[in-house]
1. If I go through region 10-30 residue by residue, how many of them are under 13 Å from the mean Cα position of the chain (by Cα) and open to solvent by 50 Å² or more (accessible area, probe 1.4 Å)?
2. If Thr132 meets every condition in (1) touching a Cys at 6+ places or on another chain (Cβ under 7 Å); (2) open to solvent by 40 Å² or more (accessible area, probe 1.4 Å) apart from one, which number is that one?
3. Hey, can you tell me all the residues within region 31-58 that are over 25 Å from Arg140 (Cα atoms) and either crowded, with 19+ Cβ neighbours inside 10 Å or in contact with a Cys (Cβ under 9 Å, 6 or more places away or on another chain) (or both)?
4. Whether any residue in region 114-136 is free of Cβ contacts under 8 Å to residues at least 12 places away in the same chain, within 17 Å of Leu58 (Cβ to Cβ) and not small (Gly, Ala, Ser) is what I want to check.
5. Return the residues of region 71-101 that are farther than 15 Å from Val55 by Cα, among the small types (Gly, Ala, Ser) and surrounded by 15 or more Cβ atoms within 10 Å (Cβ to Cβ); say none if nothing qualifies.
6. For region 45-155, list the helices (runs of 4 or more DSSP H) that sit wholly inside it and hold at least 1 residues that are of a type in the set (Gly, Ala, Ser), over 21 Å from Ala26 (Cα atoms) and at pLDDT below 90; which are they?
7. Conditions: (1) open to solvent by 30 Å² or more (accessible area, probe 1.4 Å); (2) modelled with pLDDT of 90 or more; (3) farther than 15 Å from Ile133 by Cα. Leu7 meets all but one. Number of the miss?
8. Every residue in region 98-155 that is in contact with a Lys or Arg (Cβ under 9 Å, 6 or more places away or on another chain), of a type in the set (Val, Ile, Thr) and under 18 Å from Ala17 (Cβ atoms), please.
Amino acid sequence: MTERQNLVRKAQRALVAMQLGRDDEALDQVAQAPGEESEMRELMLMLFGECSTMVSVLGDGGSAPVKVQVFDETGEEVSIDDADPPVRTAVRTLLAEVHGNSEAAQEQVEIALASAAPDEVNSLLLQALRWTIRLSTECRDRNLPVTSWITDALS
């Protein structure tokens, strides 16, 4: 099995767990072994890349912009800069991907993996999984294309 296939299978298992409301199980599916930070980086970048593609599809290729909103724990909208660090990183990573700057997206993920506490890395990963589920649901509801490995996991 190729590295990409392995990442896809881990992501699929995590998406299934998330869809069932089992965040801890989702994290277990993609837990990194010591020294395998590159796999976690690639997994996150793959998820954010897919989210970016779905945002583009939902935004009709850029002609109908999709708004990214950030809410605090009380449900109030906050600026990206006032969001919790994992959410801030997730938004910045997604926006970098949406704007075609994969290098900046990779930098955001690498900074998080290098300096964030483990629970913050987990929050970032859970955010990527949540967005993948929500965006794919929205795309399917509108009969828009979704990558087959995501559709297969969430069907």
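The values are calculated or read from the model by the stated rules, or taken from the named source; none is laboratory data. Remember, predicted model here, so these are calculated numbers, not experimental data. In this analysis, Cβ positions are derived from the backbone assuming ideal geometry, glycine residues included, and neighbour counts consider all displayed protein chains. What goes into the accessible areas is simple: the full protein's heavy atoms, side chains included, and nothing from ligands, DNA or RNA. Shrake-Rupley method; radii C 1.70, N 1.55, O 1.52, S 1.80 Å.
1. Total satisfying the criteria: 0.
2. (2)
3. Hit for region 31-58 is Met40, nothing else.
4. Yes, some residue in region 114-136 is free of Cβ contacts under 8 Å to residues at least 12 places away in the same chain, within 17 Å of Leu58 (Cβ to Cβ) and not small (Gly, Ala, Ser).
5. Taking region 71-101 and keeping what is farther than 15 Å from Val55 by Cα, we get 71-89.
Applying the additional criterion that residues be among the small types (Gly, Ala, Ser) yields 75, 79, 83.
Ala83, the sole residue that qualifies.
6. Numbers: elements: 85-98, 102-115, 118-141, 148-154.
Those helices (runs of 4 or more DSSP H) span 102-115.
7. (1)
8. Thr151
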